[in-house]
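First up is the structure itself, then whatever we jot down about it.
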Amino acid sequence: MALINKKLEFDTLKINGGYDSDAHARSVNVPIYQSAAFEFGDEARGERLFTNRELGFLYSRVGNPTVDALEQRIAALHGANAAISFASGMAAITNTLLQVGIGGSILTSYHLYGGTVDSFKKVYKDYGIRIDFSKNIYDPAKLEEDIKEDTKAIYVETVSNPTTDVADLEALAELAHKHNIPLIVDNTLLTPYLLNPIEYGADIVIYSATKNLSGHGNVVAGIVVEKGGFDWQNGKFPAFTEKYYTLRDVESDNDARTFPEVFPDFPFTARLRLVGLNFFGAKLSAFEAYLVILGLDTLSERIRKQQENLADIIAFLKSDKHVAWVNYPTLEGNPNKELAEKYLKKGAGNIFSFAIKGTTEQKNRFLDSLTLFHFHVNIGDVRSLIVNSPQTTHSELDGDERVKADLDEDLIRVSVGLEDSADLIEDLKTSLEQVFDS
Ligand SMILES: *Cc1c(COP(=O)(O)O)cnc(C)c1O
């Protein structure tokens with residue numbers, strides 16, 4: 001079944017996009033190509049592959065048909081020019097920013113996944129890249145003051161983990177493009193079902209596919225999506241003006257060429273593949289790509305049910321006298337409500353946070369009393385998950401950084417799953433009663 005060139009809606013693409021069964025023994029499911037290498041066929045084709053005149057599979061560190069099907073599907077779901085997968089969300093982020101940031105700095109904030117912030121503190125300076133943490137990320141008009149001569153990108157989470165702050169993508173994209181730099185976003189919490197950042201001007205979209213994209217808590221994976229059309233040769237990005245012998249033009253003059261010359265539609269992901277995957281080697285395996293593909297089949301349905309459960313749970317928590325506050329972008333009085341109404345018409349995802357009144361000891365006993373909520377670091381699973389983020393997933397942030405991240409010491413993060421909400425509410429209720437009424 002060939003789908004090429006058909007204009008299809010999201011749910012059709014999430015099941016069929018980027019895969020032509022005619023080319024794969026008519027296999028209904030995307031096959032798992034468990035092979036390190038792929039035959040040249042003949043000498044002439046081998047040469048064409050090595051000189052980029054033909055794009056094909058050579059070696060699974062750089063490309064694999066199962067992984068490719070995932071990448072094509074993710075690109076299709078965004079209407080993007082290309083996508084590339086990595087062994088984890090962190091590999092996707094680090095590979096991206098090490099390419100973009102060469103010789104300069106990345107402008108961002110502390111409102112990020114804990115591992116991202118920690119990597120920003122530990123890794124980049126050793127590679128000559130400065131990370132500028134701004135307090136103005138949620139005030140794009142003021143953020144311009146923080147853009148320096150050597151700023152190479154603005155980096156944000158579309159909805160931040162775990163404080164669920166909503167980024168004003170249109171304003172950020174406008175500002176970035178005014179300064180000839182890309183807007184790079186981590187859209188992990190939302191997935192393309194809830195928000196396609198490319199429609200609002202993002203140039204690069206990154207996912208930890210470990211989370212809602214795959215959705216079953218059974219795989220660690222990362223993906224980078226390239227919209228296409230950004231001018232990487234505007235003088236700010238040495239990686240894209242450098243000419244390489246391996247990109248030479250064998251058909252005319254044998255001159256070395258740049259990535260944008262050889263791959264005009266997707267120069268960024270081409271470089272991530274031929275430099276990032278090729279040399280750093282953090283590739284996704286065929287089996288893991290298959291698991292993400294399997295998860296994508298039910299992406300919209302999972303998120304819709306999770307958001308229904310989330311609404312039930314929040315309604316209960318808001319009515320309970322032991323609960324101090326509940327934070328979710330679409331709630332009445334939430335500071336993110338206006339941006340959520342603009343960007344998140346289908347919902348703000350399955351993550352929210354809350355705090356209970358009482359002592360730390362009571363909070364800990366509450367967490368220990370729960371029996372249905374799983375207690376660990378992951379999010380976006382079919383199971384409901386709970387965690388005290390400041391003490392665990394975000395414990396890398398020191399006191400001052402936690403203040404800058406608006407991370408309340410009492411915050412409890414919940415990732416709502418697909419169980420029956422009545423059971424989840426009963427679990428919360430019983431645990432609160434055990435802590436406060438006995
Ligand atoms: C989990 C997560 C990451 C890191 O992804 P891994 O797949 O765990 O490497 C990055 N960003 C966000 C928002 C995340 O939640």
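The values are calculated or read from the model by the stated rules, or taken from the named source; none is laboratory data. Since the model is a prediction, treat every value here as computed from it, not as a measurement. Because the Cβ atoms are built from the backbone with ideal geometry, glycine has one as well, and the counts that use them run over all protein chains shown. Surface accessibility is based on the protein's heavy atoms, side chains included, excluding ligands, DNA and RNA. Shrake-Rupley method; radii C 1.70, N 1.55, O 1.52, S 1.80 Å.
Scanning the stretch 259-274 for residues that are of a type outside the set (D, E) and within 17 Å of P182 (Cβ to Cβ) yields F259, P260, F263, P264, F266, P267, F268, T269, A270, R271, L272.
Looking at N378, is it in contact (Cβ under 8 Å) with a residue 24 or more places away in the chain and surrounded by 22 or more Cβ atoms within 10 Å (Cβ to Cβ)?
On the way: in contact (Cβ under 8 Å) with a residue 24 or more places away in the chain: yes; surrounded by 22 or more Cβ atoms within 10 Å (Cβ to Cβ): no.
Taking the combined requirement at face value, the residue does not satisfy it.
Taking the listed residues V382, V414, V377, V435, the one that is over 30 Å from D118 (Cα atoms) and either in contact with a strand residue (DSSP E or B) (Cβ under 9 Å, 6 or more places away or on another chain) or part of a loop (DSSP other than H, G, I, E, B) (or both) is V435, with no other qualifying.
In this structure, does I102 turn out to be part of a loop (DSSP other than H, G, I, E, B) and more than 19 Å from the chain's Cα centre (by Cα)? Steps first, please.
On the way: part of a loop (DSSP other than H, G, I, E, B): yes; more than 19 Å from the chain's Cα centre (by Cα): yes.
For I102, the condition - part of a loop (DSSP other than H, G, I, E, B) and more than 19 Å from the chain's Cα centre (by Cα) - is met.
May I ask you to verify whether R304 is under 29 Å from V225 (Cα atoms), outside the structural domain of L194 (by TED's automatic domain parsing) and open to solvent by 20 Å² or more (accessible area, probe 1.4 Å)? When the stated conditions are applied, R304 passes them. Does the stretch 289-311 hold any residues that are aromatic (F, W, Y) and under 20 Å from E419 (Cβ atoms), and which are they? Answer for the stretch 289-311, where residues must be aromatic (F, W, Y) and under 20 Å from E419 (Cβ atoms): there is none. Annotation note: of F50, F57, F38, the sole residue that is over 30 Å from Y200 (Cα atoms), open to solvent by 70 Å² or more (accessible area, probe 1.4 Å) and in the same structural domain as I206 (by TED's automatic domain parsing) is F50. Scanning the stretch 34-73 for residues that are under 27 Å from A256 (Cα atoms), in contact with a strand residue (DSSP E or B) (Cβ under 8 Å, 6 or more places away or on another chain) and part of a helix (DSSP H, G or I) yields nothing. List the strands (runs of 3 or more DSSP E) that sit entirely inside the stretch 136-210 and contain at least 2 residues that are in contact (Cβ under 8 Å) with a residue 60 or more places away in the chain, within 11 Å of the ligand (Cβ to nearest atom) and open to solvent by less than 40 Å² (accessible area, probe 1.4 Å). By residue number, 204-208. For the stretch 223-241, state whether one or more residues are touching a residue at least 24 places away in the same chain (Cβ under 8 Å), within 16 Å of the ligand (Cβ to nearest atom) and open to solvent by 10 Å² or more (accessible area, probe 1.4 Å). Scanning the stretch 223-241 turns up no residue that is touching a residue at least 24 places away in the same chain (Cβ under 8 Å), within 16 Å of the ligand (Cβ to nearest atom) and open to solvent by 10 Å² or more (accessible area, probe 1.4 Å). When the stretch 345-377 is limited to residues that are at pLDDT 95 or above and within 16 Å of the ligand (Cβ to nearest atom), the one that is nearest to S431 (Cα to Cα) turns out to be H374. Between L317, L331, L411, L367, which is of a type in the set (A, V, I, L, M) and either open to solvent by 20 Å² or more (accessible area, probe 1.4 Å) or on the phi > 0 side of the Ramachandran plot (or both)? Matching residue, one of L317, L331, L411, L367: L331.
Of the residues making up the stretch 381-418, those that are of a type in the set (V, I, T) and free of Cβ contacts under 8 Å to residues at least 24 places away in the same chain are T392, V403. Going by the structure shown, is Y33 surrounded by fewer than 17 Cβ atoms within 10 Å (Cβ to Cβ), touching a Phe, Trp or Tyr at 6+ places or on another chain (Cβ under 9 Å) and among the hydroxyl-bearing types (S, T, Y)? Spelling it out, it is not the case that Y33 is surrounded by fewer than 17 Cβ atoms within 10 Å (Cβ to Cβ), touching a Phe, Trp or Tyr at 6+ places or on another chain (Cβ under 9 Å) and among the hydroxyl-bearing types (S, T, Y). Among (1) open to solvent by less than 10 Å² (accessible area, probe 1.4 Å); (2) closer than 23 Å to A167 by Cα, there is one condition A80 misses while meeting the rest; what is its number? For A80, the failing item is (1). Among the numbered conditions (1) surrounded by fewer than 23 Cβ atoms within 10 Å (Cβ to Cβ); (2) assigned to a helix (DSSP H, G or I), the only one that I93 does not meet is (1).
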